[in-house]
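K.L.:
Take this structure, written in structure tokens, and hold onto it; I'll ask about it next.
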Amino acid sequence: MHFDLADLRLFIHIGESPSLTQGARRAFLSPAAASARIKALEGQLDTRLLYRDSRGVELTPAGHKLLKHARLIMNQVEYLKAEFTHFGTDSAGHIRIFANTTAVTEFLPEVLAGFLAKRPGVTVDLQERLSRDIVRGVLDGSTDMGIIAGPVEAAGLQVIHFSTDRLVLIVPVGHELAKQKKVTLKQTLAFQHIGLHEGSTLLSFLRDHVERLGQNLSLRIQVSSFEAICRMVEAGVGIGIIPESAAMRHSRTMHLVTLSLDEPWAVRERSILVRELDALPGTVRALIATLMPDEDTKSG
């Protein structure tokens, strides 16, 4: 069975587009030419890959399976090009990263700034995603690497631990919880919270734990960053749960009280997810090395 890389690339474009016409446009083909290529691919595989109707196209179960493999194949082709074009160096290339809220807003900007400043030929696509989407993205080849916090079920992936953080509660000075050394999540639910925006990893994580308590998380306002949460808390608008690293940084310039969360899930291991570390191009491996506290990477 022979696969044309151009056909696989076309199928990826169509699979990621709402219509065959838009997918064909991304591949610089006419809709008729794209349709003929897909029909030929279906004939070669002896299976239907797309459902076609007046609203557009939708992948069949076989189409979803082919999309996953096509992405992986094309990723490896791009890795191969990068390795040999630049002789395995980390001076050029494109890195795709799916990461949780804390990574995107807290430490990655600083890490990437230093990394990219030394490598003008490198570009990065950084996207904030939920943990389950990060795992799925690494598995199906949508991203080169994922960054998550907390326990993860990632069969078939390498999990590389690189740091530890913990979630804490911040309250304004004078708040009735301020004299406590530590509190449980249930204790905090008697007060209105300041939360992150919808779709953020941390908000989804907290809601899951609140639901397990059979209660609701009362959000007074949702904002886009940990700094904004801290400013709202300082002003007395509500209380908030954020990473300790963010609380420590913003406490230097704001009047906040930080309390330990007496919950087993408050301590969170930060991990990098990859399919196979040694198969990644030099650029991606160099970024992973930059994130590590030392030269060693532990995989499991």
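The values are calculated or read from the model by the stated rules, or taken from the named source; none is laboratory data. Please read all numbers here as calculations on a predicted model, not as lab measurements. Here the Cβ positions follow ideal geometry from the backbone for every residue, glycine too, while neighbour counts run over all protein chains shown.
K.L.:
Which residues, taken from segment 120-155, are part of a loop (DSSP other than H, G, I, E, B) and in contact with a Lys or Arg (Cβ under 7 Å, 6 or more places away or on another chain)?
P.N.:
First pass over segment 120-155, keeping only residues part of a loop (DSSP other than H, G, I, E, B): 120, 129-130, 141-144, 150-155.
Within segment 120-155, GLY141, SER142, THR143, ASP144, GLY150 meet the criteria.
K.L.:
How many residues are closer than 23 Å to SER142 by Cα and of a type in the set (S, T, N, Q) when one looks only at segment 1-52?
P.N.:
So the count comes out to 4.
K.L.:
Here is a further query. So ILE170 ticks every box in (1) in the same structural domain as HIS255 (by TED's automatic domain parsing); (2) part of a loop (DSSP other than H, G, I, E, B) but one. Which box is left unticked?
P.N.:
Only one criterion in (1) in the same structural domain as HIS255 (by TED's automatic domain parsing); (2) part of a loop (DSSP other than H, G, I, E, B) is unmet by ILE170, namely (2).
K.L.:
How many residues does segment 37-69 hold that are part of a helix (DSSP H, G or I) and either over 21 Å from the mean Cα position of the chain (by Cα) or not aliphatic (A, V, I, L, M) (or both)?
P.N.:
Step one: list which residues in segment 37-69 are part of a helix (DSSP H, G or I), which gives 37-45, 61-69.
Okay, now just the ones that are also either over 21 Å from the mean Cα position of the chain (by Cα) or not aliphatic (A, V, I, L, M) (or both), so 37-45, 61-66, 68-69.
Total meeting the criteria: 17.
K.L.:
Of a type in the set (A, V, I, L, M, F, W, C), part of a helix (DSSP H, G or I) and without any contact (Cβ under 8 Å) to a residue 60 or more places away in the chain, is that true of LEU108?
P.N.:
Numbers: of a type in the set (A, V, I, L, M, F, W, C): yes; part of a helix (DSSP H, G or I): yes; without any contact (Cβ under 8 Å) to a residue 60 or more places away in the chain: yes.
When the stated conditions are applied, LEU108 passes them.
K.L.:
Scanning segment 205-235 for residues that are under 17 Å from ALA103 (Cα atoms) and either touching a residue at least 40 places away in the same chain (Cβ under 8 Å) or among the charged types (D, E, K, R) (or both), which turns out surrounded by the most Cβ atoms within 10 Å (Cβ to Cβ)?
P.N.:
The initial filter retains those residues of segment 205-235 that are under 17 Å from ALA103 (Cα atoms), namely 205-206, 223-229.
Then drop every residue that is not either touching a residue at least 40 places away in the same chain (Cβ under 8 Å) or among the charged types (D, E, K, R) (or both), which leaves 205, 225-227, 229.
Numbers: PHE205: 20, SER225: 17, PHE226: 23, GLU227: 17, ILE229: 28.
The residue in question is ILE229.
K.L.:
Mind checking which residues of segment 245-261 are surrounded by 15 or more Cβ atoms within 10 Å (Cβ to Cβ) and either farther than 24 Å from VAL152 by Cα or more than 20 Å from the chain's Cα centre (by Cα) (or both)? Please lay out each step first, then the result.
P.N.:
So in segment 245-261, the residues surrounded by 15 or more Cβ atoms within 10 Å (Cβ to Cβ) come out as 245-247, 249-251, 254, 256-261.
The answer is ALA247, ARG249, HIS250, SER251, MET254, LEU256, VAL257, THR258, LEU259, SER260, LEU261.
K.L.:
Going by what's in this entry, would HIS209 be described as under 30 Å from ASP140 (Cβ atoms), modelled with pLDDT of 95 or more and touching a helix residue (DSSP H, G or I) at 6+ places or on another chain (Cβ under 8 Å)?
P.N.:
On the way: under 30 Å from ASP140 (Cβ atoms): yes; modelled with pLDDT of 95 or more: yes; touching a helix residue (DSSP H, G or I) at 6+ places or on another chain (Cβ under 8 Å): yes.
Here the answer is yes, as HIS209 does meet what is asked.
K.L.:
As an exercise: evaluate GLY238 against (1) in contact with a strand residue (DSSP E or B) (Cβ under 6 Å, 6 or more places away or on another chain); (2) exposed (fewer than 15 other Cβ atoms within 10 Å of the Cβ) and give the number of the one condition it does not meet.
P.N.:
Failed condition: (2).
K.L.:
Need pairs with beta-carbon distance below 9 Å; first residue of a type in the set (Asp, Glu) and within segment 176-203, second part of a strand (DSSP E or B); sequence gap 6+ or separate chains.
P.N.:
From residues that are of a type in the set (Asp, Glu), the pairs are GLU198/GLN222.
K.L.:
Which is modelled with pLDDT of 90 or more and not aromatic (Phe, Trp, Tyr), of ALA154, ALA82, ALA103, ALA92? If you could, list the steps in order and put the result at the bottom.
P.N.:
Working: ALA154 fails: modelled with pLDDT of 90 or more; ALA82 fails: modelled with pLDDT of 90 or more; ALA92 fails: modelled with pLDDT of 90 or more.
Going through ALA154, ALA82, ALA103, ALA92 in turn, just one is modelled with pLDDT of 90 or more and not aromatic (Phe, Trp, Tyr): ALA103.
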